[in-house]
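Contents: one structure, followed by commentary.
The values are calculated or read from the model by the stated rules, or taken from the named source; none is laboratory data. All values reported here derive from a predicted model rather than from experimental measurement. So basically every Cβ, Gly included, is an ideal-geometry build from the backbone, and we count neighbours across all protein chains shown. In case anyone asks, the SASA skips ligands and DNA or RNA and just uses the protein heavy atoms, side chains included. Shrake-Rupley method; radii C 1.70, N 1.55, O 1.52, S 1.80 Å.
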Amino acid sequence: MGILVKISTVFWRFHFYPAVIAAVCLTLLFPFFFGIENASFIQSAEIYERFFPLISVLLFLPLYLPDSNEEATALIRTKRFSYVKILVLRLIQILCSLFLMTCGCLLIFDKSNAVVEFNHFLLSGMADALFMGGLYAIGFAFTAQPVIGLILPLGYYVACLFTGDKYLKIFYLFSLIKNDMASKYVLLTSGILLILFSILLMERRK
């Protein structure tokens with residue numbers, strides 16, 4: 001148990017907390033910048049889906065960053081604790097932070113008298129974040145470059161903005177406005193699979 005706490009603490013102190021602070025600050029600010037006071041369901045869904053996925057991607061940036069240099073790789077090889085377990089511990093911190101941040105964002109909407117369906121919005125936020133995070137993770141796993149990794153989720157986001165659901169179909173990001181939960185389950189499942197596949201790839205690289 002001691003080593004689990006130590007690994008988690010090191011990740012939080014040296015890599016994760018700046019991403020959490022940035023994501024939380026942006027989450028607190030964006031509803032006020034874009035006017036959610038007394039927003040209708042459609043208005044709430046549109047604002048939420050346009051900005052929350054971009055903010056939540058910040059939480060996934062540190063997932064592999066501690067291991068992007070040769071010194072860290074050499075250190076990992078000397079430890080008896082498996083690299084996959086280290087990644088799982090990091091992922092747990094990311095998912096817990098994402099869940100709390102999502103709930104906090106929805107609480108802000110609720111306190112602003114905006115119309116939200118909590119369960120649908122929660123599923124939507126988690127699904128969008130996991131899919132965007134999964135795209136980043138798989139991009140990083142293949143290239144070991146965070147900037148290149150970010151191209152995938154940002155490119156996907158831009159494609160959703162400019163093509164709509166005509167080409168992306170069930171993988172369209174902004175489907176909450178239509179109360180389409182089927183696509184959210186697809187994004188959620190796909191995001192989880194992408195992250196798991198990226199972990200397997202990173203384990204093979206180490």
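Computed with every protein chain present, the accessible area of GLU203 is close to 90 Å² [probe 1.4 Å]. Springs between alpha-carbon pairs under 10 angstrom, Gaussian network model over the chain: which of PRO53, PRO31, PRO66 fluctuates most? Highest fluctuation among the options: PRO66.
Available extension along the chain between ARG204 and VAL10 is 67.5 nm, counting 0.36 nm per residue and deducting the alpha carbon span.
Taking only Cα atoms and a 10 Å spring cutoff, compute GNM fluctuations for the chain and point out the largest among ARG50, ARG13, ARG90. In the Gaussian network model the winner is ARG13. Only helices reaching 27 angstrom along their own axis (Cα) with mean Kyte-Doolittle hydropathy no lower than 1.6 count here, and for the DSSP H runs of the chain these are 83-111.
If you take all other residues with their beta carbon under 13 Å from the beta carbon of LEU187, and give Lys and Arg +1 and Asp and Glu -1, the sum is -2. Considering only lysines 8 or more places apart in sequence, or on different chains, count the pairs in the range 34-192 whose C-alpha atoms sit under 23 Å apart. Number of lysine pairs found: 4.
Note on SER82 and GLU117: the model spin-label points, each 7 Å out from Cα along the C-beta direction, lie 4.0 nm apart. Accessible surface of ILE3, taken over heavy atoms with a 1.4 Å probe and every protein chain present, rounds to 90 Å².
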